Amino acid sequence: MTIKEILEAHVVEVGRNVFTREEWLRCKCGWIGARVLSEGFDWEPVKRDHVAEVLEKHMQEREAQLRQLVRDMTDPGACWFDHHGGCQEHGYLDLKPGELCPHTEAKQLLGDEPNGR
Ligand SMILES: [Zn+2]
Ligand SMILES: [Zn+2]
């Protein structure tokens, strides 16, 4: 799901009952916000919180998925560098100075090997 699709699926609108002076917030997804009777209540932060929560959850799910994939694809073995600076262990022989072997980079990303090499 793209961010645009998420935003389109979470259109939040304020509903009003002029007789009971009741207000409520309803999202396209079915979520309903807190109802209040007070005049001039600012719904904007509540709207934002709902959409932010949905996006946060989406990002966390994607990150968990990607981290798992990177973990599965990363070789647990240490890099072994030849005198040209290439990693013989993982077959990255054309590394430029300062470039890391993707396996080391992946481990750093996952936090398993904070100092690399
Ligand atoms: Zn929603
Ligand atoms: Zn390597």
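The values are calculated or read from the model by the stated rules, or taken from the named source; none is laboratory data. Remember, predicted model here, so these are calculated numbers, not experimental data. For neighbour counting, all protein chains shown are included, and Cβ atoms are generated from backbone atoms with ideal geometry for every residue, glycine included.
Out of curiosity, is Thr104 of a type in the set (Ser, Thr, Tyr) and within 14 Å of ligand 2 (Cβ to nearest atom)? Judged against the criteria, Thr104 is a match. May I ask you to verify whether Thr104 is of a type in the set (Val, Ile, Thr), over 21 Å from Met1 (Cβ atoms) and not assigned by TED's automatic domain parsing to the domain that holds Met1? Considered against the rule, which asks whether it is of a type in the set (Val, Ile, Thr), over 21 Å from Met1 (Cβ atoms) and not assigned by TED's automatic domain parsing to the domain that holds Met1, Thr104 comes out as yes. Whether any residue in segment 5-13 is surrounded by 11 or more Cβ atoms within 10 Å (Cβ to Cβ), within 16 Å of the chain's Cα centre (by Cα) and either at negative phi or at pLDDT 95 or above (or both) is what I want to check. Scanning segment 5-13, I find at least one residue that is surrounded by 11 or more Cβ atoms within 10 Å (Cβ to Cβ), within 16 Å of the chain's Cα centre (by Cα) and either at negative phi or at pLDDT 95 or above (or both), so the answer is yes. The single condition among (1) in a helix (DSSP H, G or I); (2) not assigned by TED's automatic domain parsing to the domain that holds Ile6 that Gly85 does not meet is (1). In the set (1) over 26 Å from Leu7 (Cβ atoms); (2) surrounded by 15 or more Cβ atoms within 10 Å (Cβ to Cβ); (3) among the hydrophobic types (A, V, I, L, M, F, W, C), the condition left unmet by Leu93 is number (2). Put simply, of Gly30, Gly98, Gly77, Gly40 the only residue that is in a loop (DSSP other than H, G, I, E, B), within 16 Å of ligand 1 (Cβ to nearest atom) and surrounded by fewer than 11 Cβ atoms within 10 Å (Cβ to Cβ) is Gly30. Look at segment 44-58: where a residue is in the same structural domain as Glu8 (by TED's automatic domain parsing) and of a type in the set (Lys, Arg) and a partner is within 11 Å of ligand 1 (Cβ to nearest atom) and not in a helix (DSSP H, G or I), sitting 6+ places away or on another chain with Cβ atoms under 7 Å, you get Lys47/Val12; Lys47/Leu25. Taking Leu55, is it under 24 Å from Thr2 (Cα atoms), of a type outside the set (Ser, Thr, Tyr) and within 16 Å of ligand 2 (Cβ to nearest atom)? When the stated conditions are applied, Leu55 does not pass them.
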